[in-house]
Amino acid sequence: MMKDVQQTPRSKKGAPAARASRAAERSPNGAQTPVDAAAAATDPALDEQDLLRRVVIEGVRPEVDEGRFPAKSAIGDTVIVEADIFVDSHEEIAADLLYRRADETSWTTVPMTDLGNDRWRAAFPSSHLSPYVFTIEAWIDPFARWRNGLAKKAEAGQDVAVDLLIGARLIEEAAARAPSKDAEALRNTSAKLSGRTAVARRVEVALEDQLALRMRDLADKTAATRYHRAPHVQVDTPGAVYSTWYEMFPRSASSEPGRHGTFRDAERRLDYVAQMGFDVLYLPPIHPIGLTHRKGPNNRTEASPTDPGSPWAIGSAKGGHKSINADLGTLEDFKRLVKKARNRDIEIAMDIAFQVSPDHPWVKEHPDWFKTRPDGSVQYAENPPKKYEDIFPINFETSDRQALWEELRGVFLYWMDQGVRVFRVDNPHTKPFRFWEWCIAGLREADPGVILLAEAFTRPKIMYHLAKLGFTQSYTYFAWRYQKWDITEYFAEISRPPVSDFFRPNAWPNTPDILTEQVQRGGRPVFVSRLVLAATLSANYGIYGPAYELMEAIPREPGSEEYLNAEKYQVRHWDIERSDSLRELISLVNRARKENPALQRNTGLRFHTVENDQLIAYSKETDDARNVVITIVNLDPNYAQSGLVTLPIADWGITGDEPYQVHDLLSDARYTWQGARNFVKLDPQVMPAHIFRLRRRASASGWEFA
């Protein structure tokens, strides 16, 4: 990370100046503290030029934890940089954004714009899959102050003869700093300002925009303030920002009831997944499953010889994390699945779970990688009162830490060599932060386009820290956010800075471990409303299927979020052709996402007032507001709800009396609205949601999208 460093000043006798050294320890914005300033006033050994650095730069974003971690962007995105920049007295200031790729040495400069109230902004494109670095430089601009003053005086009819002479001197000074080809032109301009032509004409020359731009380029920056840090920006592939996930157990993909599915069966499901509009197919662990303490159906501690066990009990005599469960097929079958999926624009996502069954080869080869209890047995996994006797957690406190870390990172690298670029990581919050920071850095060095989804249903600060450490996306608390206020507060937090600078949510209404009470009781209306909410609130979302489209909702027992006959412990047969499937609706929702760029980002999310707490309304829009999508959802699964929704139509270029059209992308219905407040009614037994694309009348010939 770059930093401007000044050497410790020395006294005239050559000895370090103690007070000068203290003066060099500046506040974060580069200014001196009052004590330092007092020392500077009496100590001639201090850098006199530094005393002239009067501009303050603070409140820089995106900057994560004072530059400790990178902010996040993606190829093709624009990184917007803002900062508070100000100076004492009434001086005019100018500021530049400086940026470069981390492997470059020269900066590209972009002028910053004053947004008002001392907030400044500029932007740069993240066009390469490479880390970027940026900083800010700001300085006092005497020419700009003079120019603004001249314009005001001339407009007021005041005498500006002396002011023109001052401007001529400023231009002459700039000419001394200019290349020879520009210097002559500037001296000619200076002569015009101090000449004898009419004052009005000289004022015109002084206020020419081209002159102002040239003078800005030649500004005296010897006393400019350079921001003391150079924050980094991590650039990912577009799939890190926008993705649509479908989770499926390949062992349950067989078309024949009772037969264990294979990778070839999963391959035959690819068209089904693609037609619904998913671009990531996530597979639970595909490795050999242990026999010791293998779990039976519904997590029973006794298993029959034919029970397949939990895929998360990884490892047997046939191999571990770099091996494949023979019941699913061979490595070549898996690589074929990856290739066939990619031909349909689908990425295969693998589950990485760093835990083992008692039969995993590591248990015998590296016993010190596991904890031993006082009775000599190895500690199995527990989350009291839950017990996972078929799983051993890894002891990251082992003295053989280097070998362990290398082996674990090697698991990712092995599967990356087989063509996998997307990983869902199981419970990363139960492993050391330092490990993940080290591991992810190595993975990104091997392939900057790798995507890592953190399955960390844990406390917010831990979830956020994992994102800062390098996880590309993260599961969220969406599954448990039911009420309007709760959804609004949560997504407002995670879709705006500072959280959005580093955290990318991936919203799931269900997983193999999560069958919420609302989904259990709400029936089809809840399955539909939760799908629409997840898909339109978050640019990344996923479902666990076919359980979701077939509306699986029976818990193992009352009060449990576990499924009855959970696929985690047994092979299931799914009738994906059922007539009541949500398959067609899911296709419509995902089509809306693909055709509307506004739904492919989290940055344009705004919630809107609806005069009914059972209705939630929000919109997303592109930066130019040419694509605006308005979503309205009935949160009541039982009764129709209605109300008036208030929209910020002026922000979308629509006047108060101008009619506009909202096109429902689910029903294909079109409604003509007028004004900011309009009536909506949603019956959950028919359709509990609208996904509207905004259209406005372009001419008498018809409507066009906003």
* In this structure, does Val205 turn out to be open to solvent by less than 70 Å² (accessible area, probe 1.4 Å), hydrophobic (A, V, I, L, M, F, W, C) and either without any contact (Cβ under 8 Å) to a residue 40 or more places away in the chain or touching a Phe, Trp or Tyr at 6+ places or on another chain (Cβ under 8 Å) (or both)? -> yes
* **Hits in the range 666-705 (condition: outside any strand (DSSP E or B) and farther than 27 Å from Arg583 by Cβ)** => Gly675, Ala676, Ala700, Ser701
* Identify the single condition in (1) modelled with pLDDT under 95; (2) touching a helix residue (DSSP H, G or I) at 6+ places or on another chain (Cβ under 7 Å); (3) surrounded by fewer than 17 Cβ atoms within 10 Å (Cβ to Cβ) that Ala39 does not satisfy, given that it satisfies every other one. => (3)
* Report, ordered by the first and then the second residue, all pairs with beta carbons closer than 7 Å, sequence separation of six or more or different chains, a first member in the range 292-321 that is at positive phi, and a second member that is β-branched (Val, Ile, Thr). => Gly309/Ile289; Gly315/Val356
* Of all residues in the range 482-500, how many are crowded, with 21+ Cβ neighbours inside 10 Å and of a type outside the set (Gly, Ala, Ser)? -> 2
* **Residues (open to solvent by 80 Å² or more (accessible area, probe 1.4 Å) and either modelled with pLDDT under 95 or among the acidic types (Asp, Glu) (or both)) located in the range 576-585** => Glu577, Glu584
* Is there a residue in the range 619-630 that is touching a Pro at 6+ places or on another chain (Cβ under 6 Å) and more than 21 Å from Pro505 (Cβ to Cβ)? -> no
* To do: Go through the range 660-680 and give me each residue that's touching a strand residue (DSSP E or B) at 6+ places or on another chain (Cβ under 7 Å) and surrounded by fewer than 13 Cβ atoms within 10 Å (Cβ to Cβ).
  => Thr672, Phe679
* Could you give me the residue pairs with C-beta distances under 6 Å whose first residue belongs to the range 74-86 and is farther than 15 Å from Pro131 by Cβ, whose second residue is open to solvent by 70 Å² or more (accessible area, probe 1.4 Å) and part of a strand (DSSP E or B) wherever it lies, and which are 6+ apart or on separate chains? => Glu82/Arg121; Asp84/Glu58
* Structure fact -> Going through the range 653-688 in order, the residues found to be hydrophobic (A, V, I, L, M, F, W, C) and at pLDDT 95 or above are Val662, Leu665, Leu666, Ala669, Trp673, Ala676, Phe679, Val680, Leu682, Val686, Met687
* Asked: Out of the residues in the range 390-401 that are more than 31 Å from the chain's Cα centre (by Cα) and open to solvent by 40 Å² or more (accessible area, probe 1.4 Å), which is nearest to Ile440 (Cα to Cα)?
  -> Arg401
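Does any residue of the range 324-337 turn out to be closer than 27 Å to Gln379 by Cα and either touching a residue at least 40 places away in the same chain (Cβ under 8 Å) or not aliphatic (A, V, I, L, M) (or both)?
Yes, that holds for at least one residue.
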* Structure fact -> Sole miss for Tyr132 among (1) open to solvent by 20 Å² or more (accessible area, probe 1.4 Å); (2) hydroxyl-bearing (Ser, Thr, Tyr); (3) in contact (Cβ under 8 Å) with a residue 12 or more places away in the chain is condition (1)
* Structure fact -> Requiring at least 1 residues that are among the aliphatic types (A, V, I, L, M) and within 26 Å of the chain's Cα centre (by Cα), the strands (runs of 3 or more DSSP E) wholly within the range 597-657 are 615-621, 628-634
* Just give me the residues in the range 411-432 being over 20 Å from the mean Cα position of the chain (by Cα) and β-branched (Val, Ile, Thr), in sequence order. => Val411, Val420, Thr430
* **Filter pass, Val162 being over 30 Å from Phe124 (Cβ atoms) and either open to solvent by less than 60 Å² (accessible area, probe 1.4 Å) or under 39 Å from the mean Cα position of the chain (by Cα) (or both)** => no
* Kindly indicate whether any position in the range 55-78 is farther than 18 Å from Asp236 by Cα, more than 26 Å from the chain's Cα centre (by Cα) and not in a strand (DSSP E or B). => yes
* **Exclusive hit being open to solvent by less than 10 Å² (accessible area, probe 1.4 Å) and either modelled with pLDDT of 95 or more or polar (S, T, N, Q) (or both), set Leu588, Leu615** => Leu615
* Criterion violated by Leu647 - all others in (1) at pLDDT 95 or above; (2) open to solvent by 40 Å² or more (accessible area, probe 1.4 Å) satisfied -> (2)
* Sort out which residues of the range 545-559 are among the small types (Gly, Ala, Ser), modelled with pLDDT of 95 or more and open to solvent by 10 Å² or more (accessible area, probe 1.4 Å), and write them in order of number. => Ala553
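Is it the case that some residue within the range 496-504 is of a type outside the set (S, T, N, Q) and assigned to a helix (DSSP H, G or I)?
yes
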* To do: Mind listing just one residue for me: the one in the range 245-297 that is among the acidic types (Asp, Glu) and closer than 20 Å to Leu531 by Cβ and, of those, surrounded by the most Cβ atoms within 10 Å (Cβ to Cβ)?
  => Glu247
* Do we find that Gly522 is part of a strand (DSSP E or B), in contact with a helix residue (DSSP H, G or I) (Cβ under 9 Å, 6 or more places away or on another chain), of a type outside the set (Ser, Thr, Tyr) and crowded, with 18+ Cβ neighbours inside 10 Å in this structure? -> no
* Out of (1) in contact (Cβ under 8 Å) with a residue 24 or more places away in the chain; (2) over 21 Å from the mean Cα position of the chain (by Cα), the odd one out for Leu213 is which? -> (1)
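The values are calculated or read from the model by the stated rules, or taken from the named source; none is laboratory data. The shown structure was predicted, so the numbers you read here are calculated from the model rather than taken from an experiment. Neighbour counts are summed over all protein chains in view; Cβ atoms, including those assigned to glycine, are modelled from backbone coordinates with ideal geometry. The accessibility values were calculated without ligands, DNA or RNA, using every heavy atom of the protein model including side chains. Shrake-Rupley method; radii C 1.70, N 1.55, O 1.52, S 1.80 Å.
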